[in-house]
Structures are given as structure tokens and as C-alpha cells.
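Colleague: Sharing a structure with you now.
Any read-out appearing in this document is the output of simple, stated calculations on the displayed coordinates, not a laboratory observation. What you see is a predicted model, and the numbers here were worked out from it, not measured in a lab. All Cβ positions, even for glycine, are placed from backbone atoms using ideal geometry, and neighbour counts span all protein chains on display.
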Amino acid sequence: MHSLRSSIRAREAGAPARPLSLEERRREASADEDAALAKGERRTGAQRRAERHRGIVERAAILYRGKKAMVAVANVSKGGVTIETGLTPEVGETLLLELPGKAPAEARVRWLKPGRVGLAILA
């Protein structure tokens, strides 16, 4: 839909229409998402604010309910981390996350799926 709108705008401006690159589509989607969030709408799981990076960090330590645990890291993004674990914290619960080479940081549980936990790193 965004590429159709861009094509129409390009033709109106007199420029030849061309397909948008993946980066241009992401940028446009991000701007539309920010506008929607400003209106109080919630994001769905498929909408991303930032790219996900896999394989950068393999393991992390968490302090969960007073006990330290090592967990596998599925991916890292600008504002959060997805970990793979059998632990089942509550959504909204805060825990301490320690990534290799970084200072420990508080992280809030944003979502749960079987075997996976999405954490938002608190600044």
C-alpha cells in the first residue's frame, strides 16, 4: 500500500515512478507506525521499530527472582532482547540482564511465548 501511495505521489510530482527499495519501505512504515502510536494505538508483534540482529550475542545472564540464570539470546535490537529460556516471568516483571561486555541493565518483560521471552531494556 505504501509503495502504491509513493508511486502516485511520484507521478503527481512529475517524476517517473519506480519501486521503493526495502530501506525506503522500512523508513516509510516506521513513520506511519510512529504516527499511529502517537494516536494511542498499540503495535502488533509483526511491527518492528528497529532491525533484529541474530548471532551477535549467544548467551546472557539474568537475575530472576533473586537467582542468577544463564540464558540463550535469540536476537538483539536497539531497545530489547529476545531470550530463550524455560523460565516463565510475568509480563511487566523487571529483571536484571547482563550481556557480555556491557554493564548490567534492568529489563522489563514485554511478551512471552513458549520457550521465549521478549525483554525491553530500560534506560
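Colleague: Checking the a/c ratio against 1.5 first, then a/b against b/c, what shape does the Cα gyration tensor give for the range 59-121? Please list the in-between numbers first.
Modeller: Numbers: a/c = 1.28, a/b = 1.15, b/c = 1.11.
It is rounded, given that a/c, with a ≥ b ≥ c, falls under 1.5.
Colleague: Take 62, 121, 83 and order them by how many other Cβ atoms sit within 10 Å, fewest up front.
Modeller: 121, 62, 83
Colleague: Could you calculate the contour length gain from residue 122 to residue 78, that is, 0.36 nm times the residue separation minus the distance between their Cα atoms, to one decimal place in nm?
Modeller: Between residue 122 and residue 78, full extension yields an extra 14.7 nm.
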